[in-house]
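Below is one structure; the comments refer to it alone.
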Amino acid sequence: LFGAAVKYPILEGGMATPAVALRGHGTQLTGVDDLGLRTYGGDISISKGFDLPLVLGVTPFAGYSHFQIKGTNDTGFPLDDHSTTEGKFFVGSRISVGFLNLVGEADFGEVNVYSLRANFGF
């Protein structure tokens, strides 16, 4: 599965203003002969970072994503090709301690998804 995203800041954000960004994204399933999967879409998000003492940063964010999912079937099994367009709202927060980021997010769409992840960033 390959994916890519491009993000463009509409508003950089500052001491008193939030950041606003547009993002385009897509994925493509490869290496599977009998099934195909492609997704693409875009979202708009708003965030506001707050730096706290001890190299601690908190960035709450929210936004809306609209995306298309296309699946194809060549397996011989009675599965229909599928194409759908969906949208979801999302809200969350990133807590940064040095290079470690902890991100909690809730996605509200046809199926609600709640996630918590840790990553390193710089």
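Hey, any hits in the range 42-57 for a residue that's under 23 Å from residue 1 (Cα atoms) and modelled with pLDDT of 90 or more? Yes, there is a match, as at least one residue in the range 42-57 is under 23 Å from residue 1 (Cα atoms) and modelled with pLDDT of 90 or more. Among the residues of the range 103-115, just one is open to solvent by less than 70 Å² (accessible area, probe 1.4 Å) and in a loop (DSSP other than H, G, I, E, B), namely 109.
Remark: pairs (first residue in the range 60-81, farther than 27 Å from residue 42 by Cβ; second residue open to solvent by less than 90 Å² (accessible area, probe 1.4 Å); Cβ separation under 7 Å; 6+ apart in sequence or on different chains) = 74/34; 75/34; 75/35; 79/73.
Can you report the number of residues in the range 30-72 which are assigned to a strand (DSSP E or B) and open to solvent by 50 Å² or more (accessible area, probe 1.4 Å)? Adding up the residues that qualify gives 15.
Number of residues in the range 4-29 that are of a type outside the set (A, V, I, L, M), touching a strand residue (DSSP E or B) at 6+ places or on another chain (Cβ under 8 Å) and open to solvent by less than 60 Å² (accessible area, probe 1.4 Å): the value is 7. Of all residues in the range 73-102, those satisfying the criterion of being open to solvent by less than 50 Å² (accessible area, probe 1.4 Å) and among the hydroxyl-bearing types (Ser, Thr, Tyr) are 75, 84, 93, 96. Taking residues in the range 96-122 that are of a type in the set (Ser, Thr, Tyr), and partners anywhere that are open to solvent by less than 100 Å² (accessible area, probe 1.4 Å) and assigned to a strand (DSSP E or B), the pairs with Cβ atoms closer than 6 Å and at least 6 places apart or on different chains are 96/57; 114/106; 115/105.
The values are calculated or read from the model by the stated rules, or taken from the named source; none is laboratory data. Quantities reported herein were computed from a predicted structural model and do not represent experimental measurements. With ideal geometry, Cβ positions are generated from the backbone for all residues, glycine too; neighbour counts draw on all protein chains shown. For accessibility, only protein heavy atoms count, side chains too; no ligands or nucleic acids. Shrake-Rupley method; radii C 1.70, N 1.55, O 1.52, S 1.80 Å.
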